[in-house]
Amino acid sequence: MKNWRNNWYYFGGILFVGLAYYIGIFGNDLVVPQKIMILSFMGLLAHQFEEYAIPGGFPPMWNIVFNGEKEAPDRFPLNKQSSFFVNVVGAYSFYIIAICFPQWYWYGITISVFGFTQFIIHGIMFPIKWKSFYNPGLATVITIFVPIGIYYLWFIHSYCQVQPWEWWVGVFSTPVVALLIIQLPIIVFKSKTSPFPFTQEEMKKFNVQDKLSRLSKKA
């Protein structure tokens with residue numbers, strides 16, 4: 001468990017490669033919505049890898065830049081435990097269910113809208129606070145989440161019998177999903193004395209703290 005908690009985003013990179021082989025070999029046996037959901041899951045894995053591995057730097061971006069934490073930025077409000085539950089327990093389950101039940105179009109709509117909301121975080125909110133457009137996670141949002149989400153919505157609208165209620169449920173269930181998957185684990189596990197801090201290596205990625213120091217001096 002400890003090894004998985006400490007290296008889940010690297011394991012996710014391996015899973016990404018495995019899924020690429022799977023969809024390349026067995027993709028013709030899948031219905032299109034299911035194939036799109038697998039690609040969405042792969043997008044999630046790539047997004048997480050960008051946030052935590054290369055270039056990394058999401059933990060200080062979230063704790064320091066977004067939440068303004070100064071006392072315990074390596075573990076509050078986000079720490080290794082809550083990060084694991086958000087990204088693996090919650091997010092993996094969320095996407096795998098969509099793959100297993102491709103006929104649940106409302107669920108696929110939720111997946112797509114959830115991906116769009118990532119642009120609000122990475123493309124608008126972070127840049128405003130960061131004073132710079134790029135931040136770890138933005139590239140995969142723009143190149144994967146947004147185009148795949150648009151294609152999924154177009155495909156089911158054009159070729160699937162989606163009921164009006166499914167569109168409404170899909171869109172309006174997104175805040176509930178965000179609350180359960182993202183906010184709840186952070187709230188449950190947040191503590192300034194958490195025994196699950198991010199490592200110094202993780203906190204130094206993307207040079208977040210150095211860039212903040214330079215920004216504060218300019219101000």
Point to revise | Residues satisfying the stated conditions in the range 111-121, i.e. crowded, with 21+ Cβ neighbours inside 10 Å and of a type in the set (Phe, Trp, Tyr) | key: PHE114
Practice item. Report the residue count in the range 122-145 for those that are part of a helix (DSSP H, G or I) and either surrounded by 19 or more Cβ atoms within 10 Å (Cβ to Cβ) or out of contact with any Gly (no Cβ under 8 Å at 6 or more places or on another chain) (or both). Key: 16
**Study point:** Among the candidates PHE94, PHE85, residue that is among the aromatic types (Phe, Trp, Tyr), in contact with a Pro (Cβ under 7 Å, 6 or more places away or on another chain) and on the phi < 0 side of the Ramachandran plot
**Key:** PHE85
Check your understanding: Within the range 149-217, which helices (runs of 4 or more DSSP H) (wholly inside it) include 3 or more residues that are under 26 Å from LYS129 (Cβ atoms)?
Key -> 174-178, 184-189, 200-204
Review point. Quick check: is even one residue across the range 58-69 in contact with an Asp or Glu (Cβ under 9 Å, 6 or more places away or on another chain), closer than 21 Å to LYS190 by Cβ and part of a loop (DSSP other than H, G, I, E, B)?
Key: no
Exercise for review: Please determine, by comparing only the residues of the range 48-70 that are at pLDDT 95 or above and acidic (Asp, Glu), which one is nearest to ILE181 (Cα to Cα).
Suggested key: GLU51
Practice item. Could you please find all residues in the range 1-47 being in contact with a Phe, Trp or Tyr (Cβ under 7 Å, 6 or more places away or on another chain), within 26 Å of TYR151 (Cα to Cα) and either assigned to a loop (DSSP other than H, G, I, E, B) or of a type in the set (Phe, Trp, Tyr) (or both)? Key: PHE41
Exercise for review: Look at THR193 and say whether it is surrounded by fewer than 19 Cβ atoms within 10 Å (Cβ to Cβ), modelled with pLDDT of 95 or more and closer than 25 Å to ASN7 by Cβ.
Suggested key: yes
Point to revise | So GLN48, is it over 23 Å from TRP154 (Cα atoms), polar (S, T, N, Q) and in contact (Cβ under 8 Å) with a residue 24 or more places away in the chain | key: yes
Review point. If you go through the range 89-98 one residue at a time, do you hit one that is surrounded by fewer than 20 Cβ atoms within 10 Å (Cβ to Cβ), at pLDDT 95 or above and more than 13 Å from the chain's Cα centre (by Cα)?
Key: yes
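The values are calculated or read from the model by the stated rules, or taken from the named source; none is laboratory data. Here the structure is a predicted model, which is why all the values come from computation and not from measurement. All Cβ positions, glycine included, derive from the backbone under ideal geometry; neighbour counts span all protein chains shown.
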